[in-house]
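No lab work stands behind these numbers, since they all come straight from the coordinates. Predicted model only: the values in this text are computed from it and were never measured. Virtual Cβ from ideal backbone geometry, glycine too; neighbours counted across all protein chains shown.
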Amino acid sequence: MKFFTGLFQPKVAYAHCDVPCGIYDPHNAQMAAHTVLRMTKMIEDLKNEDEKKFVHQLSRLQKVKEEHAELLKSEVRIIWGDYFKAENYQDLPLLHEKVFKIMKLASKVRQEVNLEACNELMSATLEFAEIFYKSKGLEPVRVKSPYPTEGELVIYK
């Protein structure tokens, strides 16, 4: 028996869900992009009047910013890798480039306090959401977000 268990050891599979369930949505990626943008703005607005308070708040904001940049990367990777199929790539030849850009921008905003890069990441994430909804035959619509970032969200009609 030990011989067979050694040959057929189970391997861990990572995906949105292991069924696959067919439930994919760029909503979480958009929320993560808004969070990264908001944390960056809050970092820029921090005042160093009390060093302990400043360091503590900066650490917290940076941690949340980095977590959400990584969440955004994960959500986009899952949709890109699990949802999109070969036939989508024929209709969307720039999809790989857009995903690559999102990955690089998300890494950049983790490493820096860079409002311009955050805005680029937001824009790229919204474009990705539009591509996703179009691939499902839905009409994407940009609406004003209710968040302090004063940006937009992509939803569908």
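Brief remarks follow.
- Angle of helix 115-135 to the longest C-alpha principal axis of the chain, folded into 0 to 90 degrees and rounded to 10: 30°.
- Degrees between helix 95-111 axis and first principal axis of the chain (Cα, 0 to 90, nearest 10): 40
- Only one residue of 79, 39, 140 has its Cα farthest out toward the positive end of the dipole of the chain, where Lys and Arg carry +1 and Asp and Glu -1 on Cβ, and that residue is 79.
- Placing R0 at 30 angstrom, the Cβ-Cβ distance between residue 52 and residue 155 gives a FRET efficiency of 0.10 after rounding to 0.05.
- Exceeding the 18 Å Cα-Cα cut-off - candidates 85/157; 134/157; 63/98; 63/108; 65/134; 65/108: 85/157; 63/98; 65/134
- Among the GluC sites (Glu not before Pro) within segment 32-99, those in coil by DSSP and having at most 15 neighbouring Cβ atoms inside 10 Å are 49.
- Structure-derived mean projected area of the Cα convex hull in nm²: which label, when the choices are (1) 10.5; (2) 18.2; (3) 13.4: (3)
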